[in-house]
Number of protein chains: 2
Amino acid sequence: MATIQDVAKLARLSRTTVSRVINHHPYVTDEKKRLVLKAMEELNYVPNSSARRLRKQQTETIAVYVPRITNPFFSQMVEVMGNHASEKGYQLILCQTSYSRNKEINYLELLKTKQVDGLILTSIENEWREIKPYLNYGPIVLCNEYNDDADIPTVYLNQVEGAYIGTRHLIEQGHTKIAYCSGDNSASRLAFDRFKGYKQALKEAGLEFNDKWILTNAFSIKDGKRIFRAIADMEDRPTAVFTGSDEVASGIWLEATNHYWSIPDDLAIIGFDDQPQAELIGLTTIEQPIDEIAKRAMGQMIETIENKLPIKKKEIQLNFQLIKRRST
Amino acid sequence: MATIQDVAKLARLSRTTVSRVINHHPYVTDEKKRLVLKAMEELNYVPNSSARRLRKQQTETIAVYVPRITNPFFSQMVEVMGNHASEKGYQLILCQTSYSRNKEINYLELLKTKQVDGLILTSIENEWREIKPYLNYGPIVLCNEYNDDADIPTVYLNQVEGAYIGTRHLIEQGHTKIAYCSGDNSASRLAFDRFKGYKQALKEAGLEFNDKWILTNAFSIKDGKRIFRAIADMEDRPTAVFTGSDEVASGIWLEATNHYWSIPDDLAIIGFDDQPQAELIGLTTIEQPIDEIAKRAMGQMIETIENKLPIKKKEIQLNFQLIKRRST
DNA sequence: TCAGACTATGAAAACGATTTCATGATTTCG
DNA sequence: CGAAATCATGAAATCGTTTTCATAGTCTGA
């Protein structure tokens, strides 16, 4: 492999001048520039990125944390981020935390060992105080996830409103008994906000809030099936169900259909995300502007890196949109 | 940030000894090792990865090429590869080619500039001769994609057989007029092989091959819808259709259902991949052992890197499985 | 015309690790 | 007991760039 030294020798110039040409510095005569370019061409030279990283103390690489890339919500986000990063000359390192606290912490070492210039988190497994110290080693941006204590740039969606418009839509369709179905009931601000939006819509309409209609631990199609059976077994059945994800909604729909229930007459279902399958089964759902938050978060990250901005709280909040289909 | 020098000074030892401790070399007394560890702890030291990369001439990073990460087939592959790589101490850089020859070539510079130790390609946009020269800079492994000219490790699926068992299944259900529907009709060996499997099944059963039933350029749900309308408009209609992807099959199913066709009575549909949506709409499909090829390909890559194996042709072929559902 | 600014170049330092080489000290073994 | 092998350590070279500093020539303007 040719080095900058070889190029310099062939062009009968110094390494410095070659480096200047590579980095488009001024103060190089066209004559010498031509010589350097010719030598580079001849030797098929490209600068070694490790050496460059070491000297410049930056990697032009950004790490993106997702729970699992197979989740369409996150893969959509990563697709947009990847393209945006690539346009700006950055690489993307993919970190799958698999919902594990340990893995999340392990990946944080990437920042400490200077393998990446910054981190974008789309979900957080650990408490913020576990993550905070790593801010000493580089910028962190939150995308989708939200945390009160984290004083860093945050691009997120107004979950209260998301759940609110979904629930209100069901109310407007005449439903009064509306079940609520969510993923984790943990300390996640995200889950908390959605629940708040649901309750707010009920309260506004003067509707009953029934503890038994709150179903948790729902993530997958399989969970959705389980939840349908739970609903079917209830004495006082809800007539509509709000879900926190299209997967769960699909599972409910599937099992309901298998039991010859008519949707939405026997049960109205509303999903979340507008994933491809939603169109297939005619699922009413709440669309998240994924492309938008992904692009904003990546933009924020690159700006922070390039202008060496101080890390501080900066909230960008975006809104949802309801997509009405046959399931409600 | 503390450097190895700082650690050495604090421990009153040389850089060399500190380095030995970090890299678990023998010939360090327990006494000194303890001193070093203590100093590292005290200074909160971690080795700088850029310096390490430069000196060791390796990056512990692998690039994975996919067309788009949002395609469930590829995101599944990347999920498995990511986890496998992480277990072995490697990072994953995600390269989305977006089906563009240019982008593919651009990303190849990663190998040349030594930003990654190796490349896994899950699809190829350019001719092999465009890619081959990059083998001088590091190993390349093919996963899913196949190319006759490429003398490199290749993990792939027996596409001939895949299409064959799908088509034969339709024949066994009594169909004699079977349409065939595929993505690109390019020089891709993958597409060629599938077509071969389809024709082979027809021929074995002594069935007619009809040019008009060969539909191309089908990738998305939208394409599937278009294809349904094309089929519906035919004078001599097929009674079953073999598709190269679940997305396309879903599109056909969706549009057919919207037109009140009964599946499979009016039209039998078979998909490819067994994506989550296939279960939802009861799509018969051909399952690919994605986890298996992903794991094998990554294993092959790491083995090649670590044992500095010469790059040579090595084929690993795996088989498909038919999943029967309601659409046939 | 001469001081200061600007242009053009190269030598050498710096980035932060690992590896090679050299040197003793200690152990092994015929 | 003495030579060879093994253990333990550090100084210095090395990986391949970019950056700083020094130097010298050329312009510019009062």
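Derivation of every value follows stated rules applied to the coordinates shown; laboratory data play no part. Bear in mind the structure is a predicted one, so any value in this text is a computation, not a measurement. Here the Cβ positions follow ideal geometry from the backbone for every residue, glycine too, while neighbour counts run over all protein chains shown.
Things worth noting here:
- Each DSSP beta bridge with both residues in the protein assembly as shown is either parallel or antiparallel, and the antiparallel ones are about 10%.
- Coupling constants for the range B:260-277 follow from the phi torsions by the Karplus curve (6.51 cos²θ - 1.76 cosθ + 1.60, θ = phi - 60°), and in residue order they are 6, 7, 9, 9, x, 4, 7, 7, 8, 10, 10, x, 8, 2, 6, 7, x, 5 Hz; glycine and proline get x.
- Within a Gaussian network of chain B (alpha carbon springs, distance under 10 Å), most fluctuating of B:N147, B:N102, B:N158: B:N102
- Fewest-first ordering of A:F219, B:F272, B:F209, A:F320 by other beta carbons within 10 Å of each residue's beta carbon gives B:F209, A:F219, A:F320, B:F272.
- Cβ-vector label at 7 Å, B:F209, separations to other copies in nm: 6.8
- For the range B:259-300, the percent of C-alpha pairs falling in each 10 Å distance bin, counted from 0 to the bin holding the largest distance, reads 25, 36, 23, 12, 5.
- Surface/4 estimate of mean projected area, convex hull on alpha-carbon atoms of the range B:159-287, nm²: 6.9
- Both radii are taken from the alpha-carbon atoms of the protein assembly as shown; with Rh as the Kirkwood radius, Rg/Rh is 1.02.
- Once both labels are positioned 7 Å from their Cα atoms along Cα-to-Cβ, the gap between B:S100 and A:H24 label points is 1.8 nm.
- Rounded to the nearest Hz, the phi-derived 3J(HN,Hα) couplings of the range A:194-205 under the Karplus curve 6.51 cos²θ - 1.76 cosθ + 1.60 (θ = phi - 60°) are 4, 4, 4, x, 4, 5, 4, 5, 4, 4, 4, 8, where x marks glycine and proline.
- Shielding of peptide A:100-111 by partners, expressed as the average count of other chain Cβ atoms within 10 Å per residue Cβ, is 1.
- Volume in Å³ per residue [convex hull over Cα atoms, computed for chain B]: 157
- Cβ-based net charge around B:Y180, under 9 Å, with every Lys or Arg adding one and every Asp or Glu removing one: +2
- Most tightly packed first, judged by the mean number of other beta-carbon atoms within 10 Å of their residues, the peptides A:39-52, B:15-28 read A:39-52, B:15-28.
- Take each residue of peptide B:67-79, count the partner chain Cβ atoms within 10 Å of its Cβ, and average: the result is 5.
- Alpha carbon centroid spacing (whole Å) that separates the range A:53-110 from the range B:23-82: 15
- Amide H within-cut-off set for A:T284, under 5 Å, with H built and near neighbours excluded: A:G271, A:R325, A:R326, A:S327, A:T328
- Here the translational diffusion coefficient of the range B:245-328 follows from Stokes-Einstein with Rh set to the Kirkwood radius across Cα pairs; for 4 °C and 1.567 mPa s it amounts to 87 µm²/s.
- Per-residue ³J(HN,Hα) for the range A:174-184, Karplus 6.51 cos²θ - 1.76 cosθ + 1.60, θ = phi - 60°, Hz, x for Gly and Pro: x, 7, 10, 10, 10, 7, 10, 9, 9, x, 8
- Helical content alone sets the calculated 222 nm signal of the protein assembly as shown at -13500 deg cm²/dmol, taking -39,500 (n - 2.57) per DSSP H segment of four or more residues and averaging over every residue.
- Cβ neighbours within 10 Å from other chains - mean over B:48-57: 6
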